[in-house]
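The structure appears below as structure tokens.
The values are calculated or read from the model by the stated rules, or taken from the named source; none is laboratory data. No experiment lies behind these values; they were computed from the predicted model shown. Here the Cβ is made from the backbone with ideal geometry for all residues, glycine too, and neighbour counts use every protein chain on show. Quick note on the areas: whole protein, heavy atoms, side chains included, nothing else; ligands and nucleic acids left out. Shrake-Rupley method; radii C 1.70, N 1.55, O 1.52, S 1.80 Å.
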Amino acid sequence: MHETSIVNSIIRTLEQEFEADKLNKMKGIYLKVGVLSNIEPRLLHNAYSAFHLSNPGYHHVELHIESTSLKIECEVCNHITNVQNYRFICENCERPSKNVIQGEEMLIHKVEFED
């Protein structure tokens, strides 16, 4: 399950970015996960729950995951299309497009802290 290594990577990133006193005030981690990212949100939540067992300092920090839809931008007419059923066809000019502009990402969107 590669979600465990993803959780460890997220925590390492936050620990490098913020000082310990700031991390103690952290209460939420918000992720954006694209449908083509090869990450299953449910498994990521499970991996984060397992992380809590060995890292009690993060028990108060909730993980929030937003799934992002798949979007392409047409190379011909520059129209942005929400991809449905994995049909990479521009809805404006009906030409195929491989220019994915959203849906492959996995990023830390926001970190929430107590006041």
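For the range 1-56, enumerate the residues that are closer than 19 Å to residue 104 by Cα, part of a loop (DSSP other than H, G, I, E, B) and polar (S, T, N, Q).
Within the range 1-56, 37, 38 qualify.
Name every residue in the range 57-106 that is of a type outside the set (A, V, I, L, M, F, W, C), open to solvent by less than 40 Å² (accessible area, probe 1.4 Å) and not in a loop (DSSP other than H, G, I, E, B), in order of residue number.
Selection gives 58, 68, 81.
All but one of (1) surrounded by fewer than 17 Cβ atoms within 10 Å (Cβ to Cβ); (2) in contact (Cβ under 8 Å) with a residue 60 or more places away in the chain hold for residue 26, so report the exception by its number.
Checking residue 26 against (1) surrounded by fewer than 17 Cβ atoms within 10 Å (Cβ to Cβ); (2) in contact (Cβ under 8 Å) with a residue 60 or more places away in the chain, the one that fails is (1).
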